[in-house]
Amino acid sequence: MKVLFIAGEALPFASTGGLGEVMASLPAALRKRVVGARVVMPLYSSISGETRKSFRFVCSISVPLGWRQQHCGVFETKRNGVTYYFLDNEYYFKRNSCYGEYDDAERFAYFSKAVLEMLGHLDWKPDILHCNDWHTALVPVFYHAFYRELDKYKGIRTVFTIHNIQYQGQYDHYLLKDMLGLDEKYRGVLDCRGLLNFMKGAVEVSDAVTTVSPTYASEILNGINAYGMEDVLRYHAGKIRGILNGIDTVSYDPQTDPSLFEVYSREDPTAKALNKSGLQKMLGLPVDPGPAMLSMVTRLSGQKGIDLLIQVFDLLMQEDVQLVILGTGERRYEVFMEEMQRKYPMKFVAAITFNHDLARKIYAASDLFLMPSLAEPCGLSQMIALRYGTLPVVRETGGLKDTVFSYNESSQTGNGFSFAEYNAQDMLYTLRRGL
Ligand code: ADP
């Protein structure tokens, strides 16, 4: 079987969160099971000249998009045995960030069309096009409309994976013909509540739809955190599955991780304490094994449950704890973190930055890892915490419910602590249980 993963991000080239990590670890893991897996993504200008030195030019193609004809350069490189293709067009991808640009609809419509055009120029034919999130949702739609009858493309199947249903790619209907070049037949395929919705189109025409945990699949099918997609999903329930994400256990290994102050193992975890003292020293906290170290490594967004933390922040600071938060995101949350750092300089550190090395140090140094998400499709952070022997404290939602099992005093089983309601007092109670 041969699979082409299509994504807006993949580590180590560009990443904004969990999707980028999965695009690095899943294709490599599939290859070990004799599934041919390749990846294609945009060539963002943020990918450094140093990284590009290993790239090989494959071909140059012309991509039809509505009435436009756009150039595309195709490059390739290998990472962990996996071929990564990069699609180059400076007009679309010489930008400050992967997403969030005013013309994202056109950028990712172009990318989706270019992926399909590229296939006509490779001497490699995938059996499956595996698309991820709304940025690639037009691939199955364009395949259905323009490519499935062509000799070079016949028999290819499409899978669409929802990593985050909150972002669907919703635009005005006038884009249908003018930009996407689709005929009237596809208006209904893409329409969702009066807007063109790229994700909805993918759900309609893909052969299979997956999401990243069984609980999240059942939640969105039942209208919980489904952001208006519940009816469409329910209609297609027969082809929807939740498959739990995983982490790269070779890269995330406390026995070998070069980011750590000291390595340690499940058999001999004593050096975990040296990671705690190392991080305390590095962040300017009192070097003391006494207080429990709590941490979060997270996007600072409402979805991640930051509001619960804000409500009980002062109460939490009364406990014998040190709290470390690494994250970037919404400005109001960043401002709150900075204020609290001034108020509790001996107990709280907020690192408002994106830093993989510091993230690993924090996972290793902490006693408890907090993830009180409002919604969580899967979540990688709680699994990384577990890998470093750090107990997660989570809300029972989506993939958190599938991976963290609350400690049960009588049977002495469990791997963390959890609470059900989205409620700050319940979170505080559960944190105290953890302490
Ligand atoms: P999401 O994809 O919703 O952001 P996940 O838990 O699935 O959440 O994945 C988040 C990944 O991004 C984790 O590997 C986490 O360690 C990493 N991460 C999040 N914020 C930061 C940050 N500020 N610095 C470094 N890594 C981060």
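The values are calculated or read from the model by the stated rules, or taken from the named source; none is laboratory data. The model shown is predicted, which means the values in this text are computed figures rather than measured ones. Quick reminder, even Gly has a Cβ in these numbers, built from the backbone with ideal geometry, and neighbours come from all protein chains shown. The area values use the complete protein model at the heavy-atom level, side chains included, leaving out ligands, DNA and RNA. Shrake-Rupley method; radii C 1.70, N 1.55, O 1.52, S 1.80 Å.
Selection of the stretch 121-137 for residues being outside any helix (DSSP H, G or I) and among the hydrophobic types (A, V, I, L, M, F, W, C) yields L122, W124, I128, L129, C131, A137. Contact map, the stretch 9-32: residues that are in a strand (DSSP E or B) paired with residues that are near the ligand (Cβ under 9 Å from one of its atoms), Cβ distance under 7 Å, separation 6+ or inter-chain. Pairs shown: A10/G20; A14/G20.
Yes/no matrix, rows are residues, columns are (1) assigned by TED's automatic domain parsing to the domain that holds Y143; (2) away from the ligand (no atom under 13 Å from the Cβ); (3) closer than 25 Å to Y147 by Cβ:
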residue: M23; (1), (2), (3): yes, no, yes
residue: A37; (1), (2), (3): yes, yes, yes
residue: I47; (1), (2), (3): yes, yes, no
residue: F57; (1), (2), (3): yes, yes, yes
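Restricted to the stretch 34-84, and to residues there that are outside any strand (DSSP E or B) and touching a residue at least 60 places away in the same chain (Cβ under 8 Å), the residue that is least open to solvent (accessible area, probe 1.4 Å) is G66. In the stretch 74-84 there is no residue that is modelled with pLDDT of 95 or more and under 21 Å from G169 (Cα atoms). Can you spot a residue in the stretch 56-67 that is basic (K, R), at pLDDT 95 or above and at negative phi? Yes, because at least one residue in the stretch 56-67 is basic (K, R), at pLDDT 95 or above and at negative phi. Out of F417, F369, I need the residue that is in contact with a Ser or Thr (Cβ under 6 Å, 6 or more places away or on another chain) and over 18 Å from R266 (Cβ atoms). Which one? None of the others qualify; the one that does is F417.
The residue that is surrounded by the fewest Cβ atoms within 10 Å (Cβ to Cβ), among those in the stretch 280-338 that are in a strand (DSSP E or B) and of a type in the set (S, T, Y), is T328. Please verify whether L428 is touching a helix residue (DSSP H, G or I) at 6+ places or on another chain (Cβ under 8 Å), assigned to a helix (DSSP H, G or I) and more than 10 Å from the ligand (Cβ to nearest atom), treating the condition exactly as stated. It is true that L428 is touching a helix residue (DSSP H, G or I) at 6+ places or on another chain (Cβ under 8 Å), assigned to a helix (DSSP H, G or I) and more than 10 Å from the ligand (Cβ to nearest atom).
A quick yes/no check of all residues on (1) over 30 Å from Q255 (Cβ atoms); (2) away from the ligand (no atom under 12 Å from the Cβ):
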residue	(1), (2)
D288	no, yes
D307	yes, yes
E319	yes, yes
V349	no, yes
L358	no, no
